[in-house]
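Participant: What follows is a structure written as structure tokens; I'll ask about it next.
The values are calculated or read from the model by the stated rules, or taken from the named source; none is laboratory data. Note that the structure is a prediction, hence the values are computed from the model and not measured. Neighbour counts are summed over all protein chains in view; Cβ atoms, including those assigned to glycine, are modelled from backbone coordinates with ideal geometry. Remember, those area values only see protein heavy atoms, side chains included, never the ligands or the DNA or RNA. Shrake-Rupley method; radii C 1.70, N 1.55, O 1.52, S 1.80 Å.
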Amino acid sequence: SDPQEPLVITIDTAGKIFLQETEIALDGLVPKLQAITQNKTDTRIFVRADKDLAYGRVMQVMGDVTTAGFTQVALIADSSVPAGSKPANGQ
């Protein structure tokens, strides 16, 4: 089988959502994931969020993705996800 690169959803410190490098509204996230994966629900998806972000926002995003049927969803806690999703310098 062909190993696929995982898709990465990033939630920055302001709570904005990015799919790969593109900002996206929460209500557009699942349809975009379904289009990109061609409804392959076993596609690996990483949710990357700042460790100080409200837990509820992270669970809202992960809940929407798993409710849509995606089974390979993993959370990555990150202390360097500033607003705008650009890498932090010296943090």
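Participant: From (1) open to solvent by less than 50 Å² (accessible area, probe 1.4 Å); (2) touching a Ser or Thr at 6+ places or on another chain (Cβ under 6 Å), pick out the condition that doesn't hold for Leu26.
Facilitator: (2)
Participant: Which of the residues that make up the stretch 25-44 are closer than 13 Å to Thr67 by Cα and in contact with a helix residue (DSSP H, G or I) (Cβ under 6 Å, 6 or more places away or on another chain)?
Facilitator: Val30
Participant: Of the residues in the stretch 5-22, how many are acidic (Asp, Glu) and without any contact (Cβ under 8 Å) to a residue 60 or more places away in the chain?
Facilitator: Residues meeting the conditions: 1.
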